[in-house]
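Visitor: Here it is, the structure in full.
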Amino acid sequence: MNKNLDSLILTILGQKVLLDADLAAIYRVETKRLNQQVKDQEYSGLSIIPSSFASLRLCASHKNFPAQRRKVFSVSEFHPPNAMTENEISRIVVDAAVKLHQDLGPGLLGSVYEVALAYLLMKRGLSCVRQLPIPINYDGLEFDEGFRADIVVNDLVILELKSVENIAQVHRKQLQTYLRLSDKKLGLLLNFGAPLMRDGIVRAVNNLPES
């Protein structure tokens, strides 16, 4: 194993792990870029997990952590592949949301769907941060917490979750505002209160190139 990694390896619930930020520093790439690019591979039981406290706490809180590890790959063979796009992430999110709705059904608290969806997405290899404060700047005024995004996936896609009978127009406008203020290109409004999940999905874009 790379000697530079030995001093950085942690053990969480018996599982050897490495923080994504540490690995990014070794390969001299941005953490965001690494998380977008890395593909799952096996290497001596080493797992790469998000360094953000919220995501790390979510990973470590599950007793079956090894089964849901986020990024596992061969350090010796690492090379940055093509980044996952917003549209590729969107397809994974929609598929996971449909499965979750089929398994649990409509009508539960929104927080239940939020935790469960983040869990499913992380099992599928995506990085998820729940209730992420988004700072905004207006005419020189800085607000540390302009709003809280329900889930941010791979630091690219904002997910806003609802559990209501019908999505209101204000919900659509709210998501569009979130995208503009956070400079994200894609957001999904997911209403788990809809009889059919696919009828409860609203897509919002902010200068997202067609692909």
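The values are calculated or read from the model by the stated rules, or taken from the named source; none is laboratory data. Here the structure is a predicted model, which is why all the values come from computation and not from measurement. Every residue, glycine as well, gets a Cβ built from its backbone with ideal geometry; the counts of neighbours run over all protein chains shown.
Visitor: So which residues in segment 115-153 are among the small types (Gly, Ala, Ser) and either closer than 16 Å to Thr177 by Cα or surrounded by 14 or more Cβ atoms within 10 Å (Cβ to Cβ) (or both), if there are any at all?
Guide: Ala116, Ala118, Gly125, Ser127, Gly146, Ala149
Visitor: Let me ask something else about it. Considering only residues that are of a type in the set (Val, Ile, Thr) and surrounded by fewer than 19 Cβ atoms within 10 Å (Cβ to Cβ), which ones fall in segment 93-112?
Guide: Hits for segment 93-112 are Val94, Val98, Val112.
Visitor: Quick one: count up the residues across segment 154-174 that are surrounded by fewer than 20 Cβ atoms within 10 Å (Cβ to Cβ) and either in contact with a His (Cβ under 9 Å, 6 or more places away or on another chain) or farther than 16 Å from Pro106 by Cα (or both).
Guide: Final tally of qualifying residues: 9.
Visitor: I need the full set of residues from segment 184-211 which are closer than 17 Å to Ile89 by Cα, of a type outside the set (Val, Ile, Thr) and surrounded by fewer than 17 Cβ atoms within 10 Å (Cβ to Cβ), in order please.
Guide: Arg198, Arg203, Asn207, Pro209, Glu210, Ser211
Visitor: Tell me the strands (runs of 3 or more DSSP E) entirely within segment 101-211 that contain at least 1 residues that are free of Cβ contacts under 8 Å to residues at least 12 places away in the same chain.
Guide: By residue number, 128-138, 141-153.
Visitor: Give just the number: which of (1) closer than 21 Å to Asn206 by Cα; (2) out of contact with any Cys (no Cβ under 8 Å at 6 or more places or on another chain); (3) of a type outside the set (Phe, Trp, Tyr) does Ala116 not satisfy?
Guide: Going through (1) closer than 21 Å to Asn206 by Cα; (2) out of contact with any Cys (no Cβ under 8 Å at 6 or more places or on another chain); (3) of a type outside the set (Phe, Trp, Tyr) one by one, Ala116 breaks only (1).
Visitor: Oh, and also: Can you name the residue in segment 142-165 that is modelled with pLDDT under 90 and over 20 Å from the mean Cα position of the chain (by Cα) and is also farthest from Leu189 (Cα to Cα) among such residues?
Guide: Glu142
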